[in-house]
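Trainee: Can you read through this structure? Questions will come right after.
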Amino acid sequence: MKSFDYVIKDEVGIHARPAGLLGKKCKEFASTVTIAKGDKEAGATKLMALMGLGVKCGDTVTVKVEGDDEEACAEAIKAFLEENL
Amino acid sequence: MITYNGKGVYGAIAIGHVSVYKRQDAAVTRIEITDKEAELKRVEDAKAKATEQLQAIYDKALKEVGEENAAIFEVHMMMLEDDDYNDSIKNIIEAESVNAEYAVSITSDNFSEMFAAMDDSYFQARAADIKDISNRLIACLSNNDSGSTSSDEKVIICADDLAPSETVSLDKEKVLAFVTAFGSSNSHTAILARNMNIPAIIGVGEEFLKSIKDGDFAIVDGFTGEVFVDPDEDTLAKLTKKQQDDIAKKKLLQDLKGKENITLDGKKIDIFANIGSVDNIGAVLLNDAGGIGLFRSEFLYLENDDYPTEEQQFEAYKKVLESMAGKKVIIRTLDIGADKQVGYFNLDKEENPAMGIRAIRICLTRQDIFRTQLRALYRASVYGHLGIMFPMITSVSEVKKIMEICDSVRADMRVQDIPFAENVEHGIMIETPAAAIISDQLAPLVNFFSVGTNDLTQYTLACDRQNPKIEPFVDTHHEAILRLIKMAAENAHKHGAWIGICGELGADTTLTETFLRMGIDELSVSPSFVLKVRDQVRKLDLSK
């Protein structure tokens, strides 16, 4: 399993559109991606659950990637977050 | 062709298709079913159809309003695909053996409640998106979709009546006209229509609502209060001509822009504009108003799900002051209660709200709310020429109390080294008979009076402004009202204060001469009436 932390820079936080695009990105990989904020976590492909975390600007989220292509997947997610959130 | 009659509140003509205003929670009936597989198949089919609709809307929006504004429809499509949302619908159908519409409706409630309960306003607002996609899905299931809910065509909005919060949340870019079955000409729908320069007809009756459908073709004549549904060729031709003439006439009025508000014999008056939101500043500048005579701050409270913060308010006030670039801006402090209710204030239900805890009475009872607003106002005051106006005044002691609170807020700010302008003017609304009668005692305490003729009429004539049945009894030119205004004007001037009129009567050009003769210093009207009143002023000769 790969895991890393990321601080959200988008001023609205993890809002609907990037959350949806993140889900799409994750579906390109075989690995399972979960996003956690504090003690709450949500599957990255689950748009409503992900928004339900209420992640705001400045919050730190922990991204966990698990699966056969976790290495490549984690890199791709990291790049996606840097660019969009 | 069917003709309906109501009361027009803004003279203009609209020709287009009807969209019947639907409340967010359409009633869905719970029906027991036996064939669960068939029900699940219905959901799949409806989902495919809803996605197709959204894709079409997205494509159209992309072309017309650009990617940023179209993105919401892409998000709606993503939401429709959400696993948790779909699992919930499926589980309800399977576990309870119920129809798909019911399962979608329950799922919609659960998910939207989850978002509504979040502590961030962005996420709270997503509750509306859940309801939106769910309603679309239910419409697809019931096969009664017209696709008009998210149409990009400008439409004539038809409704029974619209609450202030509902009017506020409508997408103004898509409204050609308003037609309501009930309501009175002082309702917020009416006021909003005047602000937006679009025709509105109110009180067309219940029959209208029963027969009107989405997509009906109609003409709205705001001059006569007539609505023609499915008009014949003659009517269409006649009204199209009338519409063109009206546009030409309004263009002519635009020629008055930049001219002074001066009578033939040289008497000048200020003509300012009334606005209800920062979005109306465009209309104020377009219509060449000399300032803002009434900025209704309660829209900040109505648009919010919780008390607006000092920062939020400060930003809004600052924006108005900056946009008006040194011209006078009179901001009225919170005026809710009566017809304008805000859920999170948790006000008690009152027998007679017009005479209840409203406006300044709320501010004096809950001073924390008042002080927050005052701080935001004073902080913003350095960005322009600010006047602060207090509504619903009935006594000298109230005004003294208000001034003490203002002094104390400013004293705190001085200690904290927060800058504010020294030239902020303080004024009160004259909208109760009491205030007009004791205006000699009130005038020395303030810089200005502003007459709120709507409430002054309601309280003087004992006529409820929300009750359309009373309209035949409302004589807005009643001698009693004019005498009260005159009394207030004389007393204001005796004590060096100025006096304006910010109610609907200010825009009544049959009274402009009367007001000028009384010595009224300022008339504040809906932006669209500024030039009309200027035209009237320039035609008058008071020496005759």
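Trainee: For the stretch B:476-544, report the % of Cα-Cα distances exceeding 13 Å.
Mentor: Beyond 13 Å sits 64 percent of the P(r) for the stretch B:476-544.
Trainee: A follow-up question, please. When DSSP beta bridges are limited to those with both residues in chain B, what percentage is antiparallel, rounded to the nearest 5?
Mentor: If I count the DSSP bridges inside chain B, around 30 percent turn out antiparallel.
Trainee: Over chain B, calculate the relative contact order: mean separation of alpha carbon pairs under 8 Å at least 6 apart, over the residue count, as a percent.
Mentor: With pairs under 8 Å counted, the relative contact order is 16 percent.
Trainee: Taking the dipole about the Cα centre of the stretch B:36-142, with the C-beta of Lys and Arg at +1 and of Asp and Glu at -1, give me whichever of B:F123, B:A100, B:Y85 is farthest to the positive side.
Mentor: Towards the positive end, the residue furthest out is B:A100.
Trainee: What average count of beta carbons from other chains do you get within 10 Å of the Cβ of residues in A:42-53?
Mentor: 5
Trainee: Then there is this: Ranked highest first by average number of other Cβ atoms within 10 Å, how do B:393-399, B:472-478, B:318-324 line up?
Mentor: Peptide ranking by packing, descending: B:318-324, B:393-399, B:472-478.
Trainee: Another question, if that's okay. Could you give the angle, 0 to 90 degrees to the nearest 10, between helix B:233-254's Cα long axis and the longest principal axis of the Cα atoms of chain B?
Mentor: With both axes taken from Cα atoms, the answer is about 40 degrees.
Trainee: Would you please calculate the Kirkwood hydrodynamic radius of the stretch A:2-84 over all C-alpha pairs and express it in Å, rounded to one decimal?
Mentor: Final number for the Kirkwood radius of the stretch A:2-84 is 12.3 Å.
Trainee: Could you pull out which residues in the stretch B:453-467 have an amide N less than 18 Å from a spot 7 Å beyond the Cα of B:I437, following the Cα-Cβ vector?
Mentor: Under cut-off, by backbone N: B:455-463.
Trainee: Express in whole angstrom the spacing between the alpha-carbon centres of the stretch B:281-324 and the stretch A:3-56.
Mentor: Using only Cα atoms, the two centres lie 36 Å from each other.
Trainee: Among B:A462, B:A14, B:N110, flag the residue with its Cα farthest along the positive direction of the charge dipole of chain B, charges on Cβ as +1 for Lys/Arg and -1 for Asp/Glu.
Mentor: The residue sitting most towards the positive pole is B:A462.
Trainee: Specify whether the C-alpha gyration tensor of the stretch B:381-459 places it in the rounded, prolate or oblate class, a ≥ b ≥ c being the square roots of the eigenvalues: rounded for a/c under 1.5, otherwise prolate if a/b is larger than b/c and oblate if not.
Mentor: It is prolate, given that a/c is not under 1.5 and a/b is the larger ratio.
Trainee: Evaluate the relative contact order of the stretch B:268-538 (contact order divided by residue number), counting alpha-carbon pairs under 8 angstrom at least 6 apart; express in whole percent.
Mentor: With pairs under 8 Å counted, the relative contact order is 21 percent.
Trainee: Sticking with this one: Obtain the radius of gyration and the Kirkwood radius of chain B from its C-alpha atoms and give Rg over Rh.
Mentor: Looking at chain B, the ratio lands at 1.00.
Trainee: Then there's this: Give the angle, between 0 and 90 degrees and rounded to the nearest 10, that separates the Cα long axis of helix B:310-323 from the longest principal axis of the Cα atoms of chain B.
Mentor: 60
Trainee: By count of other Cβ within 10 Å, fewest leading, how are B:I156, B:I201, B:I15 ordered?
Mentor: Lowest count first: B:I15, B:I156, B:I201.
Trainee: Straight-line reach from B:K47: which aspartates and glutamates have Cα under 16 Å away, leaving out those fewer than 8 places along the same chain?
Mentor: Here the aspartates and glutamates satisfying the reach criterion relative to B:K47 are B:E37, B:E39, B:E74, B:E81, B:D82, B:D83, B:D84, B:D87, B:E101, B:D129, B:D132, B:D145.
Trainee: How far is it, in nm, from the label point at B:A117 to the one at B:K242 when both lie 7 Å from their Cα along the line to the Cβ?
Mentor: About 5.4 nm separates the two model spin labels.
Trainee: Determine the percent antiparallel among the DSSP beta bridges restricted to the protein assembly as shown, to the nearest 5.
Mentor: So the antiparallel bridges amount to about 45 percent of the total.
Trainee: Follow-up question, since we're still on this one. In deg cm²/dmol, rounded to 500, what helix-only [θ] at 222 nm does chain B give when every DSSP H run of at least 4 residues adds -39500 (n - 2.57) and the total is split over its residues?
Mentor: Value at 222 nm, helices only, nearest 500: -15000 deg cm²/dmol.
Trainee: Something else now. Could you state the orientation-averaged shadow area of the convex hull built on the Cα atoms of the protein assembly as shown, in nm² to one decimal?
Mentor: Computing the convex hull of the Cα atoms and averaging its projections yields 32.8 nm².
Trainee: Sequence neighbours fewer than 8 away in the same chain don't count; with that in mind, list the lysines whose C-alpha is under 28 Å from A:K2.
Mentor: A:K24, A:K25, A:K27, A:K37, A:K40, A:K46, A:K56, A:K64, A:K78
Trainee: Further, regarding this structure: Once both axes come from the Cα atoms, what is the angle between helix B:100-116 and the longest principal axis of chain B, in degrees from 0 to 90, rounded to 10?
Mentor: So the helix axis and the longest Cα principal axis differ by about 40 degrees.
Trainee: Now for a different question. With the Cα gyration tensor of the stretch B:268-538 giving a ≥ b ≥ c as the square roots of its eigenvalues, does the rule (a/c under 1.5 for rounded; else a/b larger than b/c for prolate; else oblate) give rounded, prolate or oblate?
Mentor: Rounded, because the longest to shortest axis ratio a/c is under 1.5.
Trainee: Partner chain Cβ atoms within 10 Å, averaged over the residues of B:118-127 - can you pull that number for me?
Mentor: The shielding value for this peptide is 4.
Trainee: Follow-up question, since we're still on this one. Only counting other Cβ atoms within 10 Å, I'd like B:R358, B:R379, B:R414 sorted with the fewest neighbours first.
Mentor: B:R414, B:R379, B:R358
Trainee: Any idea what the dipole of the protein assembly as shown comes to, in debye rounded to 20, about its Cα centre with Lys/Arg Cβ at +1 and Asp/Glu Cβ at -1?
Mentor: Dipole about the Cα centre, nearest 20: 2700 debye.
Trainee: What pairs from B:K7/B:K486; B:K349/B:K400; B:K241/B:K544; B:K7/B:K154 go past 32 Å between their alpha carbons?
Mentor: B:K241/B:K544
Trainee: Of B:I247, B:I362, B:Y4, which is farthest on the positive side of the dipole of the protein assembly as shown, counting Cα position, with +1 on Lys and Arg Cβ, -1 on Asp and Glu Cβ, and the Cα centre as origin?
Mentor: Result: B:I247.
Laboratory data are not the source of any read-out in this text; all were calculated from the coordinates shown. Note that the structure is a prediction, hence the values are computed from the model and not measured. Reconstructed Cβ throughout: ideal geometry from the backbone, glycine too, with neighbour counts over all protein chains shown.
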